[in-house]
1. Do any strands (runs of 3 or more DSSP E) lying entirely in segment 1-115 carry at least 3 residues that are in contact with a strand residue (DSSP E or B) (Cβ under 8 Å, 6 or more places away or on another chain) and modelled with pLDDT under 95, and which ones are they?
2. For segment 68-98, give me each residue that is over 13 Å from the mean Cα position of the chain (by Cα) and under 18 Å from residue 109 (Cα atoms).
3. Give just the number: which of (1) under 12 Å from the mean Cα position of the chain (by Cα); (2) farther than 20 Å from residue 69 by Cα does residue 174 not satisfy?
4. Within segment 187-197, identify whether any single residue is part of a loop (DSSP other than H, G, I, E, B) and surrounded by 15 or more Cβ atoms within 10 Å (Cβ to Cβ), and answer yes or no.
5. Quick check: is even one residue across segment 129-143 in a strand (DSSP E or B) and either modelled with pLDDT of 75 or more or at negative phi (or both)?
6. Would you mind telling me which numbered condition in (1) surrounded by fewer than 16 Cβ atoms within 10 Å (Cβ to Cβ); (2) modelled with pLDDT of 55 or more; (3) under 25 Å from residue 73 (Cβ atoms) residue 157 fails?
7. Could you please give the count of residues in segment 164-184 that are in contact (Cβ under 8 Å) with a residue 40 or more places away in the chain and out of contact with any strand residue (DSSP E or B) (no Cβ under 9 Å at 6 or more places or on another chain)?
8. Pairs only if they're at least six apart or on different chains, beta carbon under 7 angstrom, first in segment 197-208 and touching a residue at least 24 places away in the same chain (Cβ under 8 Å), second in a helix (DSSP H, G or I); list them, first residue then second.
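The values are calculated or read from the model by the stated rules, or taken from the named source; none is laboratory data. Bear in mind that the values here come from a model prediction, so they are computed numbers and not experimental data. Note: ideal-geometry Cβ built from the backbone for every residue, glycine included; neighbour counts use all protein chains shown.
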């Protein structure tokens, strides 16, 4: 009887230790390939339509994110999926679960631009590189269609891996959603991503 009690107690202690070890194990904040990324492509969510009330909202959000990334200085802005280590999609929320928009408009087509800055510059537009399958920056024929969008009421900021076919169909690496997350001048989504990378690098350094 005493032997069975001792075995049961030992088994219970082993379970507790295993549970504690699993509980204390820190979740990896970001994988190493994301921390090594140095180029990023910022695009408007291809599924986002144009709001008749705020037709430039998503384009302004994309520009806010690009400028905030330039000020950060960690990443170089890429022109297309084939040259981007990471892809960030942005979508402006307006506080409504459902809203009428115009779909089929190529949000991510834009002329070549260059804006110098202290950390480098922002370059936009295609340089003639053949687009990869699923590249949201690839030219599309406009086919404006009225639609109703149903989704998050907040701004969304999603991070994907780049340099691959149909990159936006892959799992999201990291997401951030909040009211005003894409607003200038502070752009909270970029600030949160910055802080996450700093913490992830500390975590990686403490667990070589």
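1. On the way: elements: 39-44, 86-91, 98-103.
Answer list for segment 1-115: 98-103.
2. 77, 78, 79, 80, 81, 82, 83, 92, listed by residue number.
3. Every listed condition holds for residue 174 apart from (2).
4. To start, the set of residues in segment 187-197 that are part of a loop (DSSP other than H, G, I, E, B) comprises 187.
Next, only the ones that are surrounded by 15 or more Cβ atoms within 10 Å (Cβ to Cβ) stay: 187.
Yes; the residues of segment 187-197 include at least one that is part of a loop (DSSP other than H, G, I, E, B) and surrounded by 15 or more Cβ atoms within 10 Å (Cβ to Cβ).
5. Taking segment 129-143 and keeping what is in a strand (DSSP E or B), we get none.
No, because not a single residue in segment 129-143 is in a strand (DSSP E or B) and either modelled with pLDDT of 75 or more or at negative phi (or both).
6. Evaluating residue 157 over (1) surrounded by fewer than 16 Cβ atoms within 10 Å (Cβ to Cβ); (2) modelled with pLDDT of 55 or more; (3) under 25 Å from residue 73 (Cβ atoms) leaves (1) as the failure.
7. Here the count works out to 2.
8. Correct list of pairs: 197/35; 200/35; 201/35; 204/32; 204/35.
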